Amino acid sequence: QVQLVESGGGLVQAGGSLRLSCAASGSILSFVAMDWYRQAPGKQRELVASISAGGSTNYADSVKGRFTISRDNAENTVSLQMNSLKPEDTAVYYCAARTKTWLISYWGQGTQVTVSS
């Protein structure tokens with residue numbers, strides 16, 4: 001069983017930056033991809049960014065050019081650098097690990113990001 005623990009959330013003004021981190025209790029190399037999701041109140045959870053074991057990245061259109069996902073295989077961490085934050089980025093952000101391309105096997109507990117206008 002792998003545990004994922006997010007950190008780095010908080011309150012920031014619009015235009016500011018935050019860096020989220022996800023620490024895994026085991027090797028992230030065992031996962032085909034690592035994802036960041038977010039869920040705003042009253043909305044469905046949505047995929048924000050993903051990074052494959054090989055380092056390929058994908059982003060939601062709403063965050064392209066503002067967010068950057070990265071991984072440190074030696075430290076077993078995945079990070080999400082968020083710049084030019086907007087109030088609509090306010091959500092609980094979750095880290096997730098996929099053991100198959102279609103299967104998310106592990107979720108973190110989430111970290112709150114609040115962007116004030």
Item checked: Tally of residues being in contact with an Asp or Glu (Cβ under 8 Å, 6 or more places away or on another chain), more than 11 Å from LEU20 (Cβ to Cβ) and either surrounded by 18 or more Cβ atoms within 10 Å (Cβ to Cβ) or of a type in the set (A, V, I, L, M) (or both) across segment 52-94 -> 2
Checklist line | Members of segment 95-117 that are crowded, with 18+ Cβ neighbours inside 10 Å, of a type in the set (Val, Ile, Thr) and within 21 Å of GLY26 (Cβ to Cβ) | finding: THR111
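Any read-out appearing in this document is the output of simple, stated calculations on the displayed coordinates, not a laboratory observation. Since we're looking at a predicted model, the values are computed, not measured. Backbone-built Cβ (ideal geometry, glycine too); neighbour counts: all protein chains shown.
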